[in-house]
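Supplied in structure tokens, the structure appears directly below.
The values are calculated or read from the model by the stated rules, or taken from the named source; none is laboratory data. Bear in mind that the values here come from a model prediction, so they are computed numbers and not experimental data. Because the Cβ atoms are built from the backbone with ideal geometry, glycine has one as well, and the counts that use them run over all protein chains shown.
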Amino acid sequence: MKSIIHLALLCFLANTSLAQTNYPKKSDTQSSRSFLIQKEVITLEAAIHLANSARKKASLLGKDVSVAVVDANGQIIILSRGDGVGIHNTEAARRKAFTAASTKTATLILSRNTRVNPDTENLANLPELLLLGGGIPLFHQGKIIGAIGIAGGGSPEHDDLIGRSVSMLDADIIAK
């Protein structure tokens, strides 16, 4: 008796799930592409190139730095700490890069703007944002693709200078 009930229940569930399935038709006016966003992304190779360029600039200033490169969503592509750099600088570099990607603004500019604008001064209280110079957003054809964060250069201005100095093989990527 139990096996008959189980079999009947199984047939009912199978027919119900098939009856409720709507498969998209090729003639539907809304294609699946309308649900997707295409994005340009920074490759690991490009992130390594950015980090190496930043280290070269830092060495010209007699500094060794921590470097973070994140994608447009603030996710780490590469994070590295220079020899002898304070341990706090690795997290600072990551947060600076995250802040620059999130706000699409260089963190030195953001820091200075929040001090003079009462409407934005509370940005400093958001847990992940770090309003210290050294975070530089990276754009490709006018769209944010990520950011670089520099920490350990000796001052917010040095970190900003090092971050801005990075260059890419692709001339369309512009650091603001």
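Just wondering, is there one or more residues in the stretch 131-154 that are in contact (Cβ under 8 Å) with a residue 12 or more places away in the chain, among the hydrophobic types (A, V, I, L, M, F, W, C) and surrounded by fewer than 16 Cβ atoms within 10 Å (Cβ to Cβ)?
no
Inspect the stretch 135-150 for any residue being farther than 16 Å from V41 by Cβ and out of contact with any strand residue (DSSP E or B) (no Cβ under 8 Å at 6 or more places or on another chain) and give the result as yes or no. Before you say what the answer is, go through the steps one by one.
Our first condition is that a residue be farther than 16 Å from V41 by Cβ; within the stretch 135-150, this holds for 135-136, 149-150.
Retained after the next criterion (residues that are out of contact with any strand residue (DSSP E or B) (no Cβ under 8 Å at 6 or more places or on another chain)): none.
Taking every residue of the stretch 135-150 in turn, none turns out to be farther than 16 Å from V41 by Cβ and out of contact with any strand residue (DSSP E or B) (no Cβ under 8 Å at 6 or more places or on another chain).
If you take the residues of the stretch 73-98 that are of a type in the set (G, A, S) and either part of a helix (DSSP H, G or I) or modelled with pLDDT of 95 or more (or both), which of them is farthest from A54 (Cα to Cα)?
G74
Could you run through the stretch 82-104 and say how many residues are closer than 18 Å to S165 by Cα and either surrounded by fewer than 23 Cβ atoms within 10 Å (Cβ to Cβ) or not assigned by TED's automatic domain parsing to the domain that holds L130 (or both)?
So the answer is 2.
Confirm whether R55 is out of contact with any helix residue (DSSP H, G or I) (no Cβ under 8 Å at 6 or more places or on another chain) and at pLDDT 85 or above. Walk me through it before giving the result.
Numbers: out of contact with any helix residue (DSSP H, G or I) (no Cβ under 8 Å at 6 or more places or on another chain): yes; at pLDDT 85 or above: yes.
Answer is yes for this residue.
Give the residue that is farthest from the chain's Cα centre (by Cα), with candidates limited to residues of the stretch 35-72 that are of a type in the set (A, V, I, L, M) and part of a loop (DSSP other than H, G, I, E, B).
Out of the qualifying residues, it is L61.
What are the pairs with Cβ atoms under 6 angstrom where one residue, in the stretch 105-124, is not assigned by TED's automatic domain parsing to the domain that holds G149 and the other, located anywhere, is of a type in the set (D, E) and in a helix (DSSP H, G or I)? Sequence gap at least six, or different chains.
Short answer, once both residue conditions are applied: none.
Moving on. Among the residues of the stretch 114-122, are any touching a helix residue (DSSP H, G or I) at 6+ places or on another chain (Cβ under 6 Å) and crowded, with 16+ Cβ neighbours inside 10 Å?
Checking the stretch 114-122: at least one residue is touching a helix residue (DSSP H, G or I) at 6+ places or on another chain (Cβ under 6 Å) and crowded, with 16+ Cβ neighbours inside 10 Å.
Let me ask you something else. Taking the options L130, L138, L123, L108, name whichever one is in contact with a Ser or Thr (Cβ under 7 Å, 6 or more places away or on another chain), closer than 21 Å to S165 by Cβ and either among the hydrophobic types (A, V, I, L, M, F, W, C) or in a loop (DSSP other than H, G, I, E, B) (or both).
Checking each option against the conditions leaves just L130.
Across the stretch 99-129, what is the total count of residues that are within 25 Å of S53 (Cβ to Cβ) and of a type in the set (V, I, T)?
Residues that pass the stated criteria total 5.
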